[in-house]
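*Asks:* Here you go, one structure.
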Amino acid sequence: MIRAALARYRWSALAFILLVAAGVALSVALVSQERALRSGSARAADRFDLIVAAPGSRTDSLLSTVFLRPGSTQLLGPAFSAGLLNDTRGSFVSPLAFGDSHRGLPVVGVTAALVEHLSGGLAEGRGFSSRTEAVVGSASRLKVGERFRPAHGVHHNGEAHGGNDDLDAHEVEIAVVGRMKPTGSPWDRAILVPVELVWGMHHLPAGHAPDSTQLGPPFDEAFTPGIPAAVVRTANLAEAYKLRRAYTGRESMAFFPAEALIQLYAVLGDIRQLMSLLAVVTQALVLLSIIASVFILFRLLTPQFVTLRALGAPRRFVFVVAWGFTAALMLAGIAVGLMGGYALSFGISWWLAKATGVSLQPALGVQEIVMASVLLVVGLTLAVLPAWRLQRLSLAGALKDY
């Protein structure tokens, strides 16, 4: 009986299923995507032990250093920068130099030690050994052996603000000599060059005597410019805390990326609460729509149920068939909603990963299953009302109407 009813009113049943699926998919996508953002951003920052930057917003520094988002940051003093970069208490200290790009890809000045640390060994080629060589991230369009000229400023999709790459390009030509392994972070799209090259292209002291070709530490204090930030690699947590204390003061701030991520998570949490409230309202409207839809469907099915009653079917049989009809639609709608929400979360993750460079891996969790289960229980409970009303109809009155 249920199968026959579903077949006869398949288009109405399909609309009912899609209505339920839409409410479930929205809630599932919201919750799973928020969790994917948390885990993805944590993985992206995992290899950055300690960040030292000029006093200011830790969130801004995190976004510019870990997530390579353009921003206006203050510089550490030249003398302070030289002392920081030559500090031997950590495993290594790498400066970060921003301000250039190539066809939308950020060009970042670093030391070879940071390249090796972020990548854990290269996937192709070798590390840079001269100032005109570069190592690209795993997602970069540049190939090993290719040459390019970096451009000043941040260029999106090959278009510069107020010009094009050729007009703003530096004179120096750089050869790509290596490719990093995937890191799951925006650094997969970055172009890493010796920091001395970035300083030199911007007419700053290159960290060493003018006639020197040296790369990396030790840096000459007399020729070291101010830097926006540095990444400090430590051997253990105790050492990291000591350096964090040492570089937190008037001239600089030192912080663990997790500290700034907590602030971002707090913002995400507020947004999540708002979106969760909207999802709850949406689900409430869906449930109300379900009730209205069920009454409409049962109105269509009333002649069949009246016929069953006239043939001698017990009231309990009519109740079970009516309720089972709704249960089948609810189960189908929630199943489609779970799959649709999962697919929607993947689509959002793909879009966010393309926009930010952070690798996101959405997955269905216990919270989404519980949410769908609660909606199912509530929906099946509400379905009792029209089923009960249908089996309580007066047979004489129903036969007169139909």
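*Asks:* How large, in Å, is region 98-140 by the Kirkwood hydrodynamic radius built from its alpha-carbon pairs?
*Replies:* By the Kirkwood definition, the hydrodynamic radius is 11.3 Å.
*Asks:* Could you please state how large a percent of the accessible area of region 55-161 is carbon and sulfur, counting protein chains only and using a 1.4 Å probe?
*Replies:* For region 55-161, the apolar C and S fraction of the accessible surface comes to 49 percent.
*Asks:* Could you work out the helix-only [θ] at 222 nm for the chain, with each DSSP H run of four or more residues adding -39,500 (n - 2.57) and the total divided by the number of residues, to the nearest 500 deg cm²/dmol?
*Replies:* -18000 deg cm²/dmol
*Asks:* What do you get when you divide the Cα radius of gyration of the chain by 2.2 N^0.38 Å, with N the number of residues?
*Replies:* 1.44
*Asks:* Residues of the chain: accessible area per residue at 1.4 Å, in Å²?
*Replies:* The answer is 49 Å² per residue.
*Asks:* Pick from L30, L382, L237: which is most flexible by mean-square fluctuation in a GNM of the chain where alpha carbon atoms under 10 Å apart are linked?
*Replies:* It is L237.
*Asks:* Which of I51, G127, H202 sits closest to the plus end of the dipole of the chain, meaning its Cα is farthest towards the positive end, when Lys and Arg get +1 and Asp and Glu get -1 on the C-beta?
*Replies:* Result: I51, furthest along the dipole toward the positive end.
The values are calculated or read from the model by the stated rules, or taken from the named source; none is laboratory data. Values in this document were obtained by computation on a predicted structure and should not be read as measured data. Counting neighbours? That spans all protein chains shown, and the Cβs are built from the backbone with ideal geometry, glycine included. What goes into the accessible areas is simple: the full protein's heavy atoms, side chains included, and nothing from ligands, DNA or RNA. Shrake-Rupley method; radii C 1.70, N 1.55, O 1.52, S 1.80 Å.
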